[in-house]
Amino acid sequence: MLSVQRLRERLPLIVFLFLLILLVMLVGFACACLNDHPMQALERALATIPALPALVVVWSFSSASLLAAMVMFSRPLVASGRASPAVLQPLLF
């Protein structure tokens, strides 16, 4: 089993944060469903849908934050001399 530290070394920070948020949401959903009768929990979850923000707002915020993270954490490509023919081979059509 992978430890959290080894998992963080293999995954980028953004992916790790999204997985952590997903895990917290799943645990919260499981706790909400285990406390009540399953149909009561489902009815309560369905009743909160009109109070949620519009899907367009959520996706635009998510895509804007991902774009900002990509710009902030991306590394510039630095050319280190002339590329070898072996590196250029996959680019041929």
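Every number in this text was worked out from the coordinates using simple rules, so none of it is lab data. Just so we're clear, the structure is a prediction, and the values are computed from it rather than from any experiment.
Coupling constants for the stretch 16-27 follow from the phi torsions by the Karplus curve (6.51 cos²θ - 1.76 cosθ + 1.60, θ = phi - 60°), and in residue order they are 4, 5, 5, 5, 5, 5, 4, 5, 5, 5, 5, 5 Hz; glycine and proline get x. Note on Leu17 and Glu43: the extension gain reaches 6.4 nm, defined as 0.36 nm multiplied by sequence separation minus the Cα-Cα distance.
In order along the stretch 41-50, phi translates into HN-Hα couplings of 5, 5, 5, 5, 5, 5, 6, 7, 4, x Hz, rounded to whole numbers, per the Karplus curve 6.51 cos²θ - 1.76 cosθ + 1.60 with θ = phi - 60° and x for Gly and Pro.
Here the Karplus curve 6.51 cos²θ - 1.76 cosθ + 1.60, taken at θ = phi - 60°, turns the phi angles of the stretch 61-74 into couplings of 5, 5, 5, 5, 5, 5, 5, 5, 5, 5, 5, 6, 9, 7 Hz, with x standing for Gly and Pro.
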